[in-house]
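First comes the structure, then the notes that go with it.
The values are calculated or read from the model by the stated rules, or taken from the named source; none is laboratory data. No experiment lies behind these values; they were computed from the predicted model shown. A quick note on method: Cβ atoms are made from the backbone with ideal geometry, for glycine too, and the neighbour counts reach across all protein chains shown. For accessibility, only protein heavy atoms count, side chains too; no ligands or nucleic acids. Shrake-Rupley method; radii C 1.70, N 1.55, O 1.52, S 1.80 Å.
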Amino acid sequence: MIRSGEASVYSKFACRKMEYDVMVSGDYDYNSHIGSVSDETYRLESGTIRRTSGTETGKQHQRGFYSALRVSWNKSDNLTFRNLVSYRRINTPINHTSGYVSFSSLYPSETYHTESPSTNNAVGWDSELYAMLGRGWSINGNFQAESAGNNTSSNYYAGTESIENLADEDSWFLRGSIQVNKSLSDKFTLFSNVLSGGGRTHIAYTGSSNAVNRFRQGFTGITVGMSMNYQKVSGSIDVGYAFESNYINGKTMDDRYPFTHINLQYAPNQRNSISLWFQYATFSPDATMKNPNIIRQSELMYISGNPDLKCSRNTSANISYTWLPSNKWQLSAYATMFLISNRQICI
């Protein structure tokens, strides 16, 4: 508890048909030995420059605070719902390093100092609903919302060089889904899901780089599928189609794509089972990857994104085998595959 620690308080109580859960927790980490060593090579048109740097002293103080209230109504077998409201704050008031930096040419060797404090706040809401409608029909839904505010700074000083980057970020997102289920028997269930959401991010940069980013994203998807539990085989299969649109500083990119999930398990007996999981999905670039502004990081490094960046498709697969010779032993073997098509990379 001297350099780091955490504490939490949790309480649960009921009033009539409602149940309430309250949680408050906090943590802190005081680290007086942070740092890193880097060796960079810049191949420029004018020649190759090597930059090396290392931390000699560093200190970081970080504090976190988390609180949540959950309200549940689950006194009926046919209807349950719960709402969760949360707040979190992560504050890093002290985050600095000092050390050396040297170059093979162009710049003289110097000592450097960095200051990188930050503050992050977020308020969230998560709501869930499940209802039995009779005759094998049921419905379940989920709604999520979050509003966040982040303030970060990155100040770098080396000799006469001074680079200051201050970022003030405000963001919010909404996401909701509703799924309708139809039970054909105790072995087969059909379901259909509609998912939609969106959000906005506003980032203002000041200091050495002055810029504003306005990023927004929206998506809608529909899924149909089947789940089963038939004798020795269980699992689910679904297919869907989604529409996505994102905008950043006047540039809009739309995308439409299919997706699917397969999750199957075959258990010939109680000691052996084989599982197969497959997914075809899409990876969407975020505001940082699409940032069209140029942000200076060091004497030679400038970072920028690409507003024309498109989504990447990815395929994942996993097959596993589990053997239970006794209650004391378990043996598992698995193989996985992950493939990204047209992957986004930093240049």
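Filtered by the rule that a residue be at positive phi and outside any loop (DSSP other than H, G, I, E, B), the range 112-149 gives a lone residue, 134. Output the residues belonging to the range 55-90 that are over 26 Å from residue 119 (Cα atoms) and of a type in the set (S, T, N, Q). Those that are over 26 Å from residue 119 (Cα atoms) and of a type in the set (S, T, N, Q): 72, 74, 76, 78, 80, 83. Considering the conditions (1) modelled with pLDDT under 95; (2) assigned to a strand (DSSP E or B); (3) within 30 Å of residue 47 (Cα to Cα); (4) hydrophobic (A, V, I, L, M, F, W, C), residue 163 is excluded by exactly one of them, (1). The residues of the range 308-339 that are under 21 Å from the mean Cα position of the chain (by Cα), open to solvent by 30 Å² or more (accessible area, probe 1.4 Å) and at pLDDT below 95, listed by number, are 309, 310. State whether one or more residues within the range 258-267 are loosely packed, with under 15 Cβ neighbours inside 10 Å and either in contact with a His (Cβ under 9 Å, 6 or more places away or on another chain) or in a loop (DSSP other than H, G, I, E, B) (or both). No, that holds for no residue. Output the residue which, of all residues in the range 187-215 that are assigned to a strand (DSSP E or B) and among the polar types (S, T, N, Q), is least open to solvent (accessible area, probe 1.4 Å). Step by step, filter the range 187-215, then rank; the result is 213. Annotation: of all residues in the range 245-268 being of a type in the set (D, E, K, R) and in contact (Cβ under 8 Å) with a residue 24 or more places away in the chain, the one that is farthest from residue 223 (Cα to Cα) is 251. Of all residues in the range 228-257 being surrounded by 16 or more Cβ atoms within 10 Å (Cβ to Cβ) and among the charged types (D, E, K, R), which is nearest to residue 193 (Cα to Cα)? Within the range 228-257, the match that is nearest to residue 193 (Cα to Cα) is 238.
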